[in-house]
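Following: one structure in C-alpha cells, then a few remarks.
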Amino acid sequence: ILWGHTPLGALQRAYFRALLLFEKPQRAPSEWWAEQYRLARSHSFLSTTTKTLQCHVDPVGQRHVLLDDLAKLKMPVLVAWGRGDRILPVAHAKKAMQRLEKGRLKILEDCGHLPHIERPVQLAAAMHDFLKQVN
C-alpha cells in the first residue's frame, strides 16, 4: 500500500489503470495522466476506491444488476460503447439493447471504457445524430 503513494508507485498505478480503461493508453490526455498520478499519491485513494468497489461488487459478482431496470425506460436511449472495453464487453451493450423499448446502440471502434475521454469527437457525433433523430 505504501508503494502506491511513492512517485514510482503512483506512475505504475496510473499506467495499469490506463491499460484497463483505454483501448490505446497512449491516447489518454495528459490531464488524465496528471489526475491519475495525483489521485494515486493521495492517502485516501486506495481505501476510497476499494470501498466504492465493495459497494457494487462482491465475490460472486455485481450486487445490483441494472439490466432489468432498463425495460422501465420509455424514452429514447442512446447506448454508446467502446468496442475495446475491457471492463464491460460489447456483449453487455447488446444485452442492454434487448431490454430497451426505444434504444439505439452506437459501438465506437478503437475505443475502450472511457469513450468521452478516448473518443470524444466520435461520441459527440453519435449523440448529435441520436438527438436529431429523436427531436
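The values are calculated or read from the model by the stated rules, or taken from the named source; none is laboratory data. These numbers come from a predicted model, not from an experiment. Reconstructed Cβ throughout: ideal geometry from the backbone, glycine too, with neighbour counts over all protein chains shown. All accessible areas refer to the heavy atoms of the entire protein, side chains included, with ligands and DNA or RNA removed. Shrake-Rupley method; radii C 1.70, N 1.55, O 1.52, S 1.80 Å.
The set of residues from segment 34-93 being of a type in the set (Lys, Arg) and more than 23 Å from residue 117 (Cβ to Cβ) comprises 51, 63, 72, 74.
For segment 58-68, a tally of residues being within 26 Å of residue 100 (Cα to Cα) and either open to solvent by less than 70 Å² (accessible area, probe 1.4 Å) or part of a strand (DSSP E or B) (or both) returns 3.
Return the residues of segment 28-57 that are small (Gly, Ala, Ser), outside any helix (DSSP H, G or I) and open to solvent by 60 Å² or more (accessible area, probe 1.4 Å); say none if nothing qualifies.
Scanning segment 28-57 gives a single hit, 44.
Of the residues making up segment 58-86, those that are touching a strand residue (DSSP E or B) at 6+ places or on another chain (Cβ under 6 Å) and free of Cβ contacts under 8 Å to residues at least 40 places away in the same chain are 77, 79, 81. Exactly one residue out of 11, 21 is out of contact with any strand residue (DSSP E or B) (no Cβ under 7 Å at 6 or more places or on another chain), in contact (Cβ under 8 Å) with a residue 24 or more places away in the chain and either open to solvent by less than 80 Å² (accessible area, probe 1.4 Å) or among the small types (Gly, Ala, Ser) (or both): that is 21.
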